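All remarks here apply to the structure that follows.
Derivation of every value follows stated rules applied to the coordinates shown; laboratory data play no part. These numbers come from a predicted model, not from an experiment. Here the Cβ is made from the backbone with ideal geometry for all residues, glycine too, and neighbour counts use every protein chain on show.
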Amino acid sequence: MARFLKRDWLANSAGVVLTAATLVSLGCGERVELGRLSEGSGFTRGGAPSASPGDPTGLTWRADYETGDLAQWDREPQVAGDGIRIVSSPVRAGSFAARFTLRPGDDPLGLDGERAELLRSDFEGEGTESWWAWSTYFPADFVVEEGANKWTIFMHWVSTTDRYAGCRPPVALDVTNDGTESLRLLVRGGVPTVSATACTSPDSSAFRLGKLQRERWHDFLLHIVWSASASQGLVELWLDGNQLVMPTRRATLYSGQSVYVKQGLFRSDSNATSSVIHDELRHGSGPPRGL
C-alpha cells in the first residue's frame with residue numbers, strides 16, 4: 001500500500017505556506033488557493049484510490065459503520081425519512097458504509113437548504129489540535145448545485161452556538177461548479193461582520209483540491225489547529241495520498257466559539273435527487289504512523 005508523502009513543515013509558520021499555490025483575490029475578502037497536484041497523483045486517475053489514510057495516533061473516536069447502524073454518532077440525525085441508510089456496497093473497508101440521499105424538499109430542520117447529516121458532540125475549541133481521516137464515494141447520481149447562492153457540502157465543522165447566526169461553517173469540504181466540478185476545502189474564522197443579510201469573515205480561504213471524480217473512493221486526511229487567530233490556527237490536507245494543502249496558518253474558528261463535526265450531505269434547495277457515501281471516519285490527536 002502506498003504511503004502518504006512526508007510532511008514539509010516550513011520555518012515561516014506565520015505566513016502563507018502553500019507550496020506552488022496560485023492565490024486569486026475575490027470579493028468579500030475570500031482567497032482562492034490552488035492545492036498542489038503532484039505528477040502521478042492518485043486524484044488524477046480513475047479506479048481505486050492510491051492510498052488509505054491510517055488511523056491517527058491518539059485515536060479517540062471512529063465512525064466506520066461496522067456496528068451496522070448509526071450508534072457511533074451520539075446525536076439525533078438531521079434527516080428526512082430514509083435519507084441515511086447503512087449499505088454493504090460500495091464500502092471502503094470492512095462490511096458497511098453509510099449512504100446519504102437528498103430528495104427535493106428534504107429539510108428536516110425547517111432552516112436553509114436540504115440536509116441528511118450525522119452529528120457528534122465532541123466539541124473542539126481554541127488551541128485544540130486534531131486529525132481527521134475519512135473516505136467519501138461520489139456515485140453516478142451525485143449532483144453538484146450550480147449558481148452564486150448554491151452550495152453542496154459533504155463534511156463540515158460548525159459552531160456550537162448561534163452567536164454568529166447566518167455565518168458559514170468555519171471549516172467545510174464541498175463540491176463547486178464554476179465550469180469544472182471541483183472539490184474544495186473552505187476555511188473561515190476570526191471576528192465576522194454580521195448584518196441582517198450577510199456574514200463576512202475577515203479570514204476566509206477556499207483551497208481548490210482538483211476535479212471531482214465519481215464512482216471511486218477518495219481518501220481524506222485533514223490536520224487542524226483550531227483558533228480564531230490567523231497566526232495560531234492551521235490547516236493541511238492530504239487527498240488520495242498526496243498532500244495538496246501544505247501547512248497553512250489561518251483562523252479556523254469564529255471568536256469565542258467551539259465546533260463539532262457533521263458528516264453527510266448538505267445543499268441548497270434543489271429539484272434533483274442526489275447521494276454520497278461515507279466510510280472510515282477516524283479522529284485523533286496526532287498524525288497516522290509513517291506520515
So what's the net charge close to E280: Lys and Arg +1, Asp and Glu -1, counting the other residues with Cβ under 11 Å from its Cβ?
-2
Between rounded, prolate and oblate, where does the range 164-291 land on the alpha carbon gyration tensor, with a ≥ b ≥ c its root eigenvalues, rounded for a/c under 1.5, else prolate if a/b exceeds b/c?
oblate
For D269, residues with placed amide H under 5 Å, excluding near neighbours
G113, E114
In Hz, Karplus ³J(HN,Hα) per residue of the range 117-134 (6.51, -1.76, 1.60; θ = phi - 60°; x = Gly, Pro):
9, 10, 10, 9, 8, 8, 6, 10, x, 3, x, 6, 10, 9, 10, 10, 10, 6
For S258, the residues 5 or more places away or on another chain with a placed amide H closer than 5 Å to its own amide H are T160, T161
The answer for trypsin sites (Lys or Arg not before Pro) in the range 220-291 that fall in a DSSP coil and have at most 16 neighbouring Cβ atoms within 10 Å is R289
